[in-house]
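Notes to accompany the following structure.
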Amino acid sequence: MTSPAPTDGSVRPTVAAIVFAMPIEADAFERLVTGRVELATERLRLQTGTVAGRSVAWGVSGVGERLADQAARLLVAGHRPRALISAGFAGALTLGFERGQLAYPTRTVVDDGSEPIALASGSVGDGGMTIVTVDRVIGDVDAKRRLADASGAGLVDMESHAVAKVAIAEGIPCYGVRVVSDTADQALPREIASLASPQSPWRRLGATLGAVTRRPAVIGDLWHLWEHAVVDGRTLAAGLAGLIASLPDD
C-alpha cells in the first residue's frame, strides 16, 4: 500500500537515492517516476520525483567507482536520503544465474574478496548473494572463473562497493539491485568489453568507430546488446519500484 501525497504543503523526505552508471539503466525507471524535477550541477545531472508514493532522487554517474562515489556523495549532500541504492546491470561469475535475472546482492567485496560490506536486503531481497566490484569489464569466461574463485562472488559490477562505502560513511543502509546482463559461460565480444570500460564519451565514440572499422560485424553485436539492455532496463525498473514500495517513508 502506498502513502498518499501530503496535503499540508510539507515536503516528503527522500526515501532513497539511486546511483545508475549508464543512461540505458535509468531510462525505464525514469518513465515510472511522477513529478520529475531535474537539478543540474557542474558534475552531474540529478533528478527527483515520486515512485510508489515515495520521494526519490537519482543520478547517472558514468561507469566506475570514482564516478559512482562522486554521484553518491552529491545525492547524499543534496537530498539526505534514508538509503542509497546501487542499481544497474551485472555480469554473472558462477553458473546458476540466467541472463535477464533480477538480483538483490547482500554483500559487496573488492576483487580479492576483501573489504566486505553488507548490503541491506529489504523485504524483496535475496539472501547470501555477493557482488564484487572491479575496475574493468570481465568479459572472458576464464577471467570470470578466476574472479569468482578469488573473490567468492557470484556477480560482478563496477560501482556497488563505492556506493556502499558512501552509505557506511553516512550511517545509512545501501541496497543493491542488479539485472544479469551476461552469464558465467557467456563471453563478451572484445570490442564490447572495451567500450563498456570507464572513459569519456568522446573516447568511447572514437573507440566505437574504430571497432566498426576493424570488424564491421560488431554492429550486429552492439545492436543485440542494445536490445537486451532495453529489456533489462524494464526489469531493473520493476525491481526498483518494488524495493522502493517496501521502504518505510515515515
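The values are calculated or read from the model by the stated rules, or taken from the named source; none is laboratory data. Predicted model, so just to flag it, every value in this text is computed and none were measured. Glycine also receives a Cβ, built like all others from the backbone with ideal geometry; neighbour counts cover every protein chain displayed.
For ALA118, work out the one condition from (1) in contact with a helix residue (DSSP H, G or I) (Cβ under 9 Å, 6 or more places away or on another chain); (2) in contact (Cβ under 8 Å) with a residue 40 or more places away in the chain; (3) under 24 Å from ASP249 (Cβ atoms) it doesn't fulfil.
(2)
Condition test on ALA72, is it free of Cβ contacts under 8 Å to residues at least 24 places away in the same chain, out of contact with any Phe, Trp or Tyr (no Cβ under 8 Å at 6 or more places or on another chain) and over 12 Å from ALA153 (Cα atoms)?
Details: free of Cβ contacts under 8 Å to residues at least 24 places away in the same chain: no; out of contact with any Phe, Trp or Tyr (no Cβ under 8 Å at 6 or more places or on another chain): yes; over 12 Å from ALA153 (Cα atoms): yes.
Here the answer is no, as ALA72 does not meet what is asked.
What are the residues in segment 109-146 that are of a type in the set (S, T, N, Q), touching a Gly at 6+ places or on another chain (Cβ under 7 Å) and either modelled with pLDDT of 95 or more or not in a loop (DSSP other than H, G, I, E, B) (or both), if any? Can you show your working first?
Quick first cut of segment 109-146, residues of a type in the set (S, T, N, Q) only: 114, 121, 123, 130, 133.
Then drop every residue that is not touching a Gly at 6+ places or on another chain (Cβ under 7 Å), which leaves 121, 130.
Correct list: THR130 only.
Given the options THR48, THR94, THR7, THR2, name the one that is at pLDDT 95 or above, in a loop (DSSP other than H, G, I, E, B) and among the polar types (S, T, N, Q). Lay out the reasoning, then the answer.
Details: THR48 fails: in a loop (DSSP other than H, G, I, E, B); THR7 fails: at pLDDT 95 or above; THR2 fails: at pLDDT 95 or above.
Answer to the check: THR94.
So, SER55, is that one part of a strand (DSSP E or B) and farther than 16 Å from VAL177 by Cα or not? Before the answer, list the steps.
On the way: part of a strand (DSSP E or B): yes; farther than 16 Å from VAL177 by Cα: yes.
So SER55 passes the test.
Looking only at segment 157-182, which residues are closer than 19 Å to VAL63 by Cα and either polar (S, T, N, Q) or surrounded by fewer than 17 Cβ atoms within 10 Å (Cβ to Cβ) (or both)? Let's see the steps before the verdict.
Of all residues in segment 157-182, those closer than 19 Å to VAL63 by Cα come to 157-167, 174-182.
Listed by number, the residues that qualify are SER160, SER181.
Residues checked against (1) under 21 Å from LEU240 (Cβ atoms); (2) in contact with a strand residue (DSSP E or B) (Cβ under 7 Å, 6 or more places away or on another chain); (3) surrounded by fewer than 19 Cβ atoms within 10 Å (Cβ to Cβ); (4) hydrophobic (A, V, I, L, M, F, W, C):
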| site | (1), (2), (3), (4) |
| --- | --- |
| ALA92 | yes, yes, no, yes |
| LEU95 | no, no, yes, yes |
| ARG99 | yes, yes, yes, no |
| ASP112 | no, no, yes, no |
| THR133 | yes, yes, no, no |
| ALA143 | no, no, yes, yes |
| ARG146 | no, no, yes, no |
| GLY152 | no, yes, yes, no |
| LEU155 | yes, yes, no, yes |
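Got a sec? Which of ALA40, ALA16, ALA26, ALA57 is crowded, with 18+ Cβ neighbours inside 10 Å and either within 13 Å of the chain's Cα centre (by Cα) or modelled with pLDDT under 95 (or both)? Quick ask: steps written out before the conclusion?
Details: ALA40 fails: crowded, with 18+ Cβ neighbours inside 10 Å; ALA16 fails: either within 13 Å of the chain's Cα centre (by Cα) or modelled with pLDDT under 95 (or both); ALA57 fails: either within 13 Å of the chain's Cα centre (by Cα) or modelled with pLDDT under 95 (or both).
Result: ALA26 is the single residue among ALA40, ALA16, ALA26, ALA57 that is crowded, with 18+ Cβ neighbours inside 10 Å and either within 13 Å of the chain's Cα centre (by Cα) or modelled with pLDDT under 95 (or both).
Residues are listed down the side, and each one gets a yes or a no for (1) at pLDDT 75 or above; (2) over 13 Å from ALA87 (Cβ atoms):
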| position | (1), (2) |
| --- | --- |
| ALA167 | yes, yes |
| ILE192 | no, yes |
| LEU195 | no, yes |
| ALA211 | no, yes |
| ALA217 | no, yes |
| HIS228 | yes, yes |
| LEU243 | yes, no |
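Just give me the residues in segment 60-82 being farther than 19 Å from GLY171 by Cα and surrounded by 17 or more Cβ atoms within 10 Å (Cβ to Cβ), in sequence order.
Initial filter on segment 60-82 (farther than 19 Å from GLY171 by Cα): 60-67.
Scanning segment 60-82 gives VAL60, SER61, GLY62, VAL63, GLY64, GLU65, LEU67.
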